[in-house]
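The values are calculated or read from the model by the stated rules, or taken from the named source; none is laboratory data. Since we're looking at a predicted model, the values are computed, not measured. Cβ sites come from the backbone with ideal geometry, for glycine too, and all protein chains shown count toward neighbours. Just the protein is used for accessible areas: all its heavy atoms, side chains included, with ligands, DNA and RNA removed. Shrake-Rupley method; radii C 1.70, N 1.55, O 1.52, S 1.80 Å.
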Amino acid sequence: MNNDVEKLWELQTVLTQLNDRERQLTTKPDAFAAVDREWQAANEEMTKLDQQIETSSKERRRVDGELADQQELLKKYQGQLMQVKNQQQYAAAWKEIDSTRKHVKELEDSELKTMTDIEGLQKQLDDQGAGSAALKERWDAEHDKWQHSLGDLRSEAEALRTRAESLEASLPERLQREFQRILKQRQGVAVVKVANDSCSACRTRVRPALYQQLKRGELVYCEGCHRILYLEPTQ
Ligand SMILES: [Zn+2]
């Protein structure tokens, strides 16, 4: 029995290490996460600028079209001015010309403003693009470093998994099932060490009678959390 409890404890230790490696495999390291956040933010900023340029360009095309229509209209009124027959018609034609000219001027101003806006946005986008080249280099470097470290982690995890499988296979089936049952119910921890005469997981004190059983190497459950208790041989 003693041997089985030792094996159960080792199996627990291996599984805890394996969990740790698996967590590391799916977690971005801090150094990469930091540069990745910067990179995402820079990309978002560039996408936003792109969209603003697109919106402004659309507005520019719209104003351009309206400007062409108004200029056409202005030509028509100017032509009519040549054909007026009296003062009244002259005044009316002039009124149209005047208001159309005003409209044309407004559209020209608006177009000029939009063009200035686009230039400014494009400049921001170019600056951002130049800055992001250096950022991309840092991103690549940190990403490579991370991927490299994953290789070691993967082989460590693989070795731990193999070790866990062979340990588990060496246990009697009843204990395998027992271990798996507690593991599922107790957040991946089925076996816990006894420290200061108590369960190190839930702090429940181990009664002297149970303590004696533990010392004899028997399978003992914590009376608090019902995990399997492990007493280090040196104690
Ligand atoms: Zn406990």
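Observations on the model:
- If you filter segment 175-217 down to residues that are part of a loop (DSSP other than H, G, I, E, B) and touching a strand residue (DSSP E or B) at 6+ places or on another chain (Cβ under 7 Å), you find that the one that is least open to solvent (accessible area, probe 1.4 Å) is ALA190.
- Selected residue (criterion: nearest to the chain's Cα centre (by Cα)) from residues of segment 191-219 that are within 17 Å of LEU8 (Cα to Cα) and more than 11 Å from the ligand (Cβ to nearest atom): LEU219
- In segment 18-29, the residue that is farthest from ARG154 (Cα to Cα) out of those that are touching a Lys or Arg at 6+ places or on another chain (Cβ under 9 Å) and assigned to a helix (DSSP H, G or I) is LEU18.
- For GLN128: the one exception among (1) within 12 Å of the ligand (Cβ to nearest atom); (2) within 38 Å of the chain's Cα centre (by Cα): (1)
- Meets criteria (closer than 21 Å to ARG23 by Cβ, modelled with pLDDT of 95 or more, open to solvent by 30 Å² or more (accessible area, probe 1.4 Å) and not basic (Lys, Arg)) for THR162: yes
- Hey, ALA195 under 30 Å from PRO29 (Cβ atoms) and either without any contact (Cβ under 8 Å) to a residue 24 or more places away in the chain or aliphatic (A, V, I, L, M) (or both) or not: no
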